[in-house]
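Novice: Take this structure, written in structure tokens, and hold onto it; I'll ask about it next.
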Amino acid sequence: LIPDRVRFEVVTPPDGGPRVRADPRAVEQILLNLVSTACDAMPEGGTLTLAVASMEADEAYREAHTWIEPGRYGRLAVRDTGTGMDAATLARIFDPFFTTKPEGIGTGLGLAPLHGLVRQHGRDLHAYSQAGRGTTLRAYLMRAATGSSAATARGVAGPLAPLRVTGGAHQRRVVSDE
């Protein structure tokens, strides 16, 4: 999924990251789409950073981010050092069938389905970008209630960067093989 030309970094809090209320398969799909989009934006290579964090959208946060509802979230951010987008392109990235890729490359669906999937399992998908400087896409997913139980990941080798996802009796972890 991640080409050799792209350096991959994972950033997680010391506690390993939040558990969120979402279907584990949906979170996996969100992550795969965000990573794939970021890699496509770096045809000459670059750095892809996956960051997981807990956050609370209180009134002070909402003053600068009026689109978010108050609450506790797990935030999944995917940053790339790719081509970035100008303001006109950024304003359209969640429009159905809008894509910056040449014809015949990709599915042609753009980020609209991903935006809908995030809205079903959380609150929002928000983008920050600057032409020539890269893009950050942040998915805000509702945090699971404290004390929620989840099965532990089994059969996973190597260092773990967990985004714990509760949904039924499953738990997913983001895994780095480096």
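The values are calculated or read from the model by the stated rules, or taken from the named source; none is laboratory data. Bear in mind the structure is a predicted one, so any value in this text is a computation, not a measurement. As a convention, Cβ positions derive from the backbone with ideal geometry for all residues, glycine included, and neighbour counts pool all protein chains shown. The accessibility values were calculated without ligands, DNA or RNA, using every heavy atom of the protein model including side chains. Shrake-Rupley method; radii C 1.70, N 1.55, O 1.52, S 1.80 Å.
Novice: Report yes if A57 is in contact (Cβ under 8 Å) with a residue 12 or more places away in the chain, under 30 Å from D4 (Cα atoms) and of a type in the set (G, A, S), otherwise no.
Specialist: no
Novice: Scanning the stretch 69-78 for residues that are within 24 Å of V11 (Cα to Cα) and out of contact with any Pro (no Cβ under 9 Å at 6 or more places or on another chain), which turns out most open to solvent (accessible area, probe 1.4 Å)?
Specialist: Among them, the one singled out is G71.
Novice: Okay, moving on. When you look at V35, is it within 15 Å of L141 (Cα to Cα) and open to solvent by less than 20 Å² (accessible area, probe 1.4 Å), yes or no?
Specialist: no
Novice: Residue check: is T66 open to solvent by less than 80 Å² (accessible area, probe 1.4 Å) and without any contact (Cβ under 8 Å) to a residue 40 or more places away in the chain?
Specialist: no
Residue-wise test of (1) over 23 Å from D40 (Cα atoms); (2) exposed (fewer than 15 other Cβ atoms within 10 Å of the Cβ); (3) modelled with pLDDT of 80 or more.
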{"position": "A127", "(1), (2), (3)": "no, no, yes"}
{"position": "G132", "(1), (2), (3)": "no, yes, yes"}
{"position": "S149", "(1), (2), (3)": "yes, yes, no"}
{"position": "T152", "(1), (2), (3)": "yes, yes, no"}
{"position": "Q171", "(1), (2), (3)": "yes, no, no"}
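Novice: Take the stretch 69-81 and flag every residue that is free of Cβ contacts under 8 Å to residues at least 60 places away in the same chain and in contact with an Asp or Glu (Cβ under 8 Å, 6 or more places away or on another chain).
Specialist: P70
Residues are listed down the side, and each one gets a yes or a no for (1) in contact (Cβ under 8 Å) with a residue 60 or more places away in the chain; (2) part of a loop (DSSP other than H, G, I, E, B); (3) hydrophobic (A, V, I, L, M, F, W, C):
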position	(1), (2), (3)
M85	no, yes, yes
A88	no, no, yes
D95	no, yes, no
F98	no, yes, yes
G104	no, yes, no
L114	yes, no, yes
Q120	yes, no, no
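Novice: While we're looking at this one, here's another question. Of all residues in the stretch 69-92, how many are within 29 Å of I2 (Cβ to Cβ), in contact with a strand residue (DSSP E or B) (Cβ under 6 Å, 6 or more places away or on another chain) and not charged (D, E, K, R)?
Specialist: Count: 10.
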